[in-house]
1. With the range 181-278 as the region, which helices (runs of 4 or more DSSP H) entirely inside it contain at least 1 residues that are at pLDDT below 95 and closer than 30 Å to Leu19 by Cβ?
2. It is to be established whether one or more residues within the range 117-128 are modelled with pLDDT under 95, of a type in the set (Gly, Ala, Ser) and crowded, with 20+ Cβ neighbours inside 10 Å.
3. Tally time: how many residues in the range 188-203 are within 22 Å of Asn122 (Cβ to Cβ) and either buried (at least 16 other Cβ atoms within 10 Å of the Cβ) or not assigned by TED's automatic domain parsing to the domain that holds Lys163 (or both)?
4. Of the residues that sit in the range 77-110 and are buried (at least 16 other Cβ atoms within 10 Å of the Cβ) and hydroxyl-bearing (Ser, Thr, Tyr), which one is nearest to Thr132 (Cα to Cα)?
5. Just one of Pro185, Pro245 is closer than 25 Å to Met124 by Cβ and of a type outside the set (Phe, Trp, Tyr); which is it?
6. Looking at the range 128-138, which of its residues are in contact (Cβ under 8 Å) with a residue 40 or more places away in the chain and over 9 Å from the mean Cα position of the chain (by Cα)?
Amino acid sequence: MKKRNGQIPDLRRTPVRKLVTFNNKSAIITIDETDFSYTIYIGNPEIYCIDVLISKEQQSDTSETGHLSKLRYDSTCSLEHDFKREVDTNNLLKILLTYIARNYKYVKSLTFQDLSERTCDNGMPVNLALMTYLWKGQTWYQKNFGAYLEGYNKERFEEYETKFQENKSKVTWAGLKSMMTPTFPLPEDEMKQYFESAKTWQEFFRPIVDKIGIAAFCNFISNWIETFFLHFFRVPFISIQYNLPIKEYNDVQFTISDYIKGGKRKTHKIRTSRQPRE
């Protein structure tokens, strides 16, 4: 470890906390700084719902790429404990990406493994990446935030995706039926017709979602989706690394103020987002 003026550098400083306010909700942004990096957390004083690590500029050859360690839903992500699934999660991630774009301009993307989950109405958790890809052909992050694959991860995914679609033509309806839940959301004849007329897995599952809705679809796949993907895709989605582009989002209004313990804030505003587009 290099010394400065004969002294070992102070690696960790006192964390800085800011109050972010959006849509009548508020949360705390905590910036934990060392000599080499920033870790940005967003949530309440006890629970962090977003966790991002960024290297300081010129501290490494990869400082343009940070890492999104965590994005999780919890009703207590806001100080008011009224955080809403999907809408507020989307807004919080947009605020984070906008904050990074404005304050750490050298950072161009965040790497991450997609661990996102959705709890179905039947109480079963489902991997959101698998569920969205199954009928959209894209993960939730790709669909909503332009996440992408590059290099080895892109080549690897494309190889397994090709085999995944090839397996669609090899499996019979009876074989697939034995893997799925015994209770279908639609008459079996209709399900079989969708299956036999589809060339890809998405062409099979998409009309089912269109007809029954995403909530009922979540219930339908919750017991067998993991087994299905391990059997036909052959590689866990969570092992694949995605890139999330850094950009400003103008469709969510927010302000950032100095945070004082207890939820009070100074009246001086640090930053206000642009007005959303019409």
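The values are calculated or read from the model by the stated rules, or taken from the named source; none is laboratory data. Everything numeric in this text was worked out from a predicted model, so none of it was measured. Positions of Cβ are backbone-derived with ideal geometry, glycine not excepted, and every protein chain shown enters the neighbour counts.
1. Numbers: elements: 188-197, 201-212, 214-221, 225-232.
Ranges flagged: none.
2. No, the range 117-128 contains no residue that is modelled with pLDDT under 95, of a type in the set (Gly, Ala, Ser) and crowded, with 20+ Cβ neighbours inside 10 Å.
3. 1
4. The residue in question is Thr89.
5. Numbers: Pro245 fails: closer than 25 Å to Met124 by Cβ.
That would be Pro185, the only listed residue that is closer than 25 Å to Met124 by Cβ and of a type outside the set (Phe, Trp, Tyr).
6. Filtering the range 128-138 down to residues in contact (Cβ under 8 Å) with a residue 40 or more places away in the chain leaves 129-131, 133-137.
Leu130, Met131, Tyr133, Leu134, Trp135, Lys136, Gly137 - these are the residues of the range 128-138 that are in contact (Cβ under 8 Å) with a residue 40 or more places away in the chain and over 9 Å from the mean Cα position of the chain (by Cα).
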